[in-house]
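The values are calculated or read from the model by the stated rules, or taken from the named source; none is laboratory data. Here the structure is a predicted model, which means the values were calculated and not measured. Cβ placement follows ideal geometry from the backbone for every residue including glycine, while neighbour counts extend to all protein chains displayed. Remember, those area values only see protein heavy atoms, side chains included, never the ligands or the DNA or RNA. Shrake-Rupley method; radii C 1.70, N 1.55, O 1.52, S 1.80 Å.
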Amino acid sequence: MSPTGYGPDFLLDLYRQMVLIRHFEERVKYLFLEGVMPGTIHQCNGQEACAVGVCAALEPADVITSTHRPHGHALAKGITVVEAMGELFGRTTGCCKGKGGSMHLGDLAKGMVPAIAIVGGGIPVATGIALAFKMKKEKRVAVCFMGDGATNEGAFHEGVNMGAIWTLPVVYVVENNLYGASTPVSWVVRTKTISERSRLYGIPGVTIDGNDVLAVYVAAKKAVRRARTGKGPTLLELMTYRITGHSRRDPALYQPEEEKKRALENEPIGRFAKYLLDRQLADQRRLDQIAEEVDQEIEAAVEMALAAPQPKPEDTLQDLFVA
Amino acid sequence: MTMKRLSIAEALRECIRGEMRRDERVFCIGEDIAVRGGWGGAFTVTLGLEKEFSDRMINTPISENGFFGVALGAAMMGLRPIADVQYADFALLAMDQIVNQIAKMRYMSGGKLTVPVTMRAPVGVTGRGAQHSQSLEPFLLPAPGIKIVCPATAYDAVGLLRSAVRCDDPVMMFEHKLLYGSKGARAESGAIDASSEIPEEDYVVPIGRAVVRREGADVTVIATLLMMHRSLQAAALLEQEGIDVEVIDPRSLVPFDWDTVKASVVKTGRVVIVEESPKRNGVGAEIAATLAEEMIDHLTAPIKRVAAPNTPAPFAPPMEEYYVPSVERIAEAVRQVTSY
Ligand SMILES: Cc1ncc(C[n+]2csc(CCOP(=O)(O)OP(=O)(O)O)c2C)c(N)n1
Ligand SMILES: [Mg+2]
């Protein structure tokens with residue numbers, strides 16, 4: 001059951017962020033299918049509550065690492081729609097000046113390392129960020145977003161273990177969407193949950209309903225407080241579902257119809273809308289208005305990105321070394 | 001003799017099917033290679049094979065270092081694995097198993113062991129940014145103990161894969177994303193037709209044998225994979241300018257067919273080497289250095305290399321276009337060496 005007692009401004013902001021991410025992903029998908037947007041994309045539709053709930057528990061100075069599926073994390077951590085859209089279009093106005101693209105969205109100024117598209121690659125990196133916070137005696141926290149699939153990379157074991165033995169201020173967030181690409185998690189993990197792996201490292205681990213944005217927020221808040229107060233890492237497993245293809249035009253035929261249907265009924269935005277409406281924290285008109293505002297913001301960003309300058313070919317040679 | 005026209009992805013699939021039927025020691029191991037309703041690996045090569053070989057299509061966790069090691073262990077026990085990564089970039093996570101173990105095991109055993117591991121890895125810059133673009137040929141060239149092949153056509157893909165699977169040594173096959181001809185949701189924009197008529201008969205392409213793709217008298221251009229196709233296009237362009245280009249596709253980088261290349265150099269005296277990865281220490285560097293050592297009397301112009309700059313692959317299309325050697329850049333290099 002979702003906790004109560006939060007102010008409507010806070011709750012509506014969570015809602016707005018989730019809708020922003022969903023509509024951003026949908027818009028991007030069309031732009032991609034129309035051939036207007038270059039590259040490839042991995043949408044996070046259905047997983048918005050993970051990004052939003054966790055990032056709502058963070059301070060601006062906290063730092064996240066992300067994955068090949070980073071759009072939601074980026075928007076939730078404060079990268080603007082303009083900066084994200086610019087990057088997806090490969091424009092100089094993008095958060096990586098067009099060097100990175102969809103899979104490397106990020107801006108350290110906003111507390112997000114350019115996303116790491118090598119599955120599991122971010123786990124030791126987040127651990128290192130946390131080590132720096134500890135060594136520099138800064139009260140900042142690192143959060144490592146990863147998928148269920150990443151927990152089978154050697155980097156998971158190495159990274160989480162180091163976070164644990166050095167009692168670092170880091171939270172390992174596993175978005176368990178039941179698939180690593182097309183492979184069901186049940187084929188590749190023997191334990192019932194992924195969070196129980198945490199015990200082997202001597203850190204707490206919990207499995208949470210990752211489609212309940214408030215439950216995610218509460219769990220993240222606790223893990224972040226633990227990290228910030230010097231008590232070490234937590235492993236959060238957020239149960240969720242990707243209600244879109246893995247990438248590009250993937251029709252996700254490996255997801256059983258029945259499972260997909262249930263997932264659509266359980267998706268986080270519809271659920272949170274119901275929560276807000278049931279408690280009369282908002283009416284449908286307000287929710288529609290949020291959707292409209294968000295769409296305007298996205299449309300403006302698309303227009304700006306399309307009008308923004310492309311990098312010059314020779315810009316390829318810039319940004320390799322400091323000097 | 002009946003023939004079928006197949007793309008590289010289709011041809012590899014049929015070839016793997018044939019090898020698995022022929023020899024029950026052959027099995028496939030990799031990520032997302034055996035999921036019903038899935039994609040057959042990242043580029044459809046193993047699509048549907050799990051229906052026929054349910055117990056020999058090993059669908060792994062995302063654990064590259066792990067499953068390359070598993071392939072090695074199984075190979076030493078007499079099986080013949082075909083291990084693939086979805087993008088060559090991810091083979092970097094398995095470099096311990098590939099370079100420290102697979103490449104060296106036979107040597108360290110004093111020649112007592114055989115390691116019949118076939119490895120497959122898609123290369124090429126395709127709009128995905130710095131971590132999904134790398135060509136690993138230059139990473140593996142200095143790892144003695146691994147044979148390296150690079151098929152540019154479906155015919156060669158089949159012939160080389162058969163050779164690789166039947167060979168008792170480790171072989172890495174680099175395949176190009178834009179040459180697969182993958183269909184449906186896995187189609188690539190900017191793809192080039194590399195399909196071939198595939199004979200029914202059980203032919204092989206020997207590892208270590210180059211092919212002259214186009215005969216010419218003025219300049220020798222050496223290139224594999226996508227760059228080979230672009231070199232052919234450049235040659236067609238240059239023909240109109242009266243420059244007669246010979247295009248050699250080495251097909252194997254280790255062992256390398258020096259005889260074919262040297263015979264061409266004797267004829268033309270001019271060499272351009274084209275590759276898709278950064279110029280520094282690339283495949284071209286190795287070829288150029290050897291030719292400089294051994295063929296200097298035949299060279300009438302400096303050897304030219306056309307390659308990517310010494311940076312990671314950028315994302316934005318204008319930069320990516322600049323990064324990957326184009327037909328025009330290849331043609332320009334040829335013009336330069338002919339001006340000597
Ligand atoms: C080291 C590595 N291996 C394989 C891939 C290809 N790949 C990209 S995403 C993905 C699945 C990842 O699954 P998961 O961690 O559960 O994240 P999700 O896609 O479900 O968000 C795979 C195999 C990769 N990017 N990096
Ligand atoms: Mg997953």
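Selection among B:306, B:98, B:232 by position relative to the dipole of chain B gives B:98 as farthest towards the positive end (Cβ unit charges, Cα centre). The per residue volume of the convex hull around the alpha-carbon atoms of the stretch A:24-151 is 98 Å³.
As an exercise, identify the trypsin sites (Lys or Arg not before Pro) in the stretch B:193-299 lying in DSSP coil whose Cβ has no more than 14 other Cβ atoms within 10 Å. Those that pass, being in a loop and sparsely packed, are B:280. Springs join every pair of Cα atoms under 10 Å in this Gaussian network model of chain B, and among B:33, B:102, B:303 the largest mean-square fluctuation is at B:303. Post the alpha-carbon centroid distance, the stretch A:263-278 to the stretch B:310-340, in whole angstrom. Here the answer is 52 Å between Cα centres. Restricting attention to the stretch B:211-338, close to 20% of DSSP beta bridges with both partner residues there are antiparallel. With the Kirkwood sum run over all distinct C-alpha pairs, the stretch A:145-271 has a hydrodynamic radius of 15.4 Å. Specify which residue in the list A:235, B:152, A:188 is farthest towards the positive end of the charge dipole of the protein assembly as shown, using unit charges on the beta carbon of Lys, Arg (+1) and Asp, Glu (-1), about the Cα centre. Most positive-ward Cα: A:235. The protection proxy used here, the mean number of other Cβ atoms lying within 10 Å of each residue, ranks peptides B:239-247, B:179-187 as follows, highest first: B:179-187, B:239-247.
Under a model in which nothing but the beta-carbon of Lys, Arg (+1) and Asp, Glu (-1) is charged, the protein assembly as shown shows a dipole of about 1900 debye around its Cα centre. Note that the stretch B:1-153 presents 35 Å² accessible area per residue, ligands and nucleic acids not counted, probe 1.4 Å. Going from the chain on its own to the full set of protein chains, the stretch A:187-232 has these residues losing 50 Å² or more of accessible surface (heavy atoms, 1.4 Å probe, no ligands, DNA or RNA): A:187. All other residues whose Cβ lies under 15 angstrom from that of residue A:174 are scored, Lys and Arg at +1 and Asp and Glu at -1, for a net of -1. With contacts taken as Cα pairs under 8 Å at a separation of at least 6 residues, chain B carries a relative contact order of 16 percent. Counting only Cβ charges, +1 for Lys and Arg and -1 for Asp and Glu, the dipole size of chain A around its Cα centre is about 1240 debye.
Between residue B:294 and residue B:236, the C-beta separation translates, for a Förster distance of 25 Å, into a calculated FRET efficiency of about 0.25.
Would you give the gap between the C-alpha center of the stretch B:233-255 and the C-alpha center of the stretch A:5-82, rounded to a whole Å? Each part's Cα centre sits 48 Å from the other's. Here the stretch B:204-340 exposes an accessible surface that is 49 percent carbon and sulfur, computed with a 1.4 Å probe and the other protein chains kept in place. When the stretch A:153-257 is described by a simple charge dipole with +1 on each Lys and Arg Cβ and -1 on each Asp and Glu Cβ, the residue from A:203, A:172, A:216 located farthest towards its positive end is A:203.
What number comes out for the charge environment of residue A:132, summing +1 per Lys or Arg and -1 per Asp or Glu over other residues with Cβ under 12 Å away?
Details: positive: A:134, A:136, A:137, A:140; negative: A:138.
Around residue A:132, the surrounding residues sum to +3.
Taking a straight line from the alpha carbon of residue B:279, these lysines sit under 16 Å away, with near neighbours fewer than eight places off in the same chain left out: B:304. Look at the alpha carbon pairs under 8 Å that are at least 6 residues apart: their mean separation over the length of the stretch A:115-235 gives a relative contact order of 28 percent. Convex hull volume per residue, computed on the Cα atoms of the stretch B:10-141, equals 113 Å³.
When the inverse distances between all different Cα atoms of the stretch B:142-265 are averaged and flipped, the Kirkwood radius reads 15.4 angstrom.
Here's how it looks for residue B:148: its modeled amide H is under 5 Å from those of B:172, B:253, B:254, which are all 5 or more places away or on a different chain. When only the Cβ of Lys, Arg, Asp and Glu is charged (+1, +1, -1, -1), the dipole of chain B relative to its Cα centre reaches about 520 debye. Here chain B carries DSSP beta bridges of which approximately 20% are antiparallel, counting only pairs with both residues inside. When the alpha carbon coordinates of the stretch B:211-338 are projected onto the principal axes, the ranges are 42, 33, 23 Å, largest first.
Residues whose amide H falls under 5 Å from that of residue A:143, counting only those 5 or more places apart or on a different chain, are A:63, A:64, A:65, A:171, with hydrogens built in the peptide plane. Taking the chain by itself as reference, the stretch B:118-134 contains these residues with an accessible-area loss of 50 Å² or more in the full protein complex (1.4 Å probe, heavy atoms): B:128, B:131.
Here the relative contact order of chain A, from alpha carbon pairs under 8 Å that lie six or more residues apart, stands at 22 percent. Would you mind classifying chain A by shape? Square roots of the alpha carbon gyration tensor eigenvalues, ordered a ≥ b ≥ c; an a/c under 1.5 is rounded, otherwise it is prolate if a/b is larger than b/c and oblate if not. Taking the square roots of the gyration eigenvalues as a ≥ b ≥ c, chain A is rounded. Computed packing ranks the peptides B:218-229, B:14-25 as B:218-229, B:14-25, most packed first, by mean other Cβ atoms within 10 Å.
Share of carbon and sulfur in the accessible area of chain A stands at 56%, probe radius 1.4 Å.
When the inverse distances between all different Cα atoms of chain B are averaged and flipped, the Kirkwood radius reads 20.3 angstrom. Interface of B with A. Using a 1.4 Å probe and counting protein heavy atoms only, the two chains hide about 3200 Å² of accessible surface, both sides summed.
Enter the mean number of other protein chain beta carbons within 10 Å of the beta carbon of each residue in A:111-118, as an integer.
Partner Cβ neighbours, averaged per residue: 3.
Could you do me a favour and compute the accessible area per residue for the stretch A:20-93, 1.4 Å probe, result in Å²?
Ligands and nucleic acids excluded, the result is 23 Å² per residue.
Among the residues of A:310-322, the average count of other protein chain beta-carbon atoms within 10 Å of the residue beta-carbon is 5. Averaging the Cα positions of each part gives two centres, and for the stretch B:117-147 and the stretch B:54-69 these lie 19 Å apart. Dividing the C-alpha radius of gyration of the protein assembly as shown by 2.2 N^0.38 Å, with N its residue count, gives 1.01.
Percent of Cα-Cα pairs more than 20 Å apart in the stretch A:1-72, please.
The answer is 40 percent, as a whole percent.
Projected over every direction and averaged, the convex hull enclosing the alpha-carbon atoms of the stretch A:84-179 yields 6.7 nm². Over the protein assembly as shown, DSSP H runs of length four or greater, each weighted -39,500 (n - 2.57), average out per residue to a 222 nm ellipticity of -11500 deg cm²/dmol.
The mean number of Cβ atoms from other chains found within 10 Å of a Cβ in peptide A:175-185 is 4, as a whole number. Ranked by the mean number of other Cβ atoms within 10 Å of their residues, highest first, the peptides A:185-193, B:144-152 fall in the order B:144-152, A:185-193.
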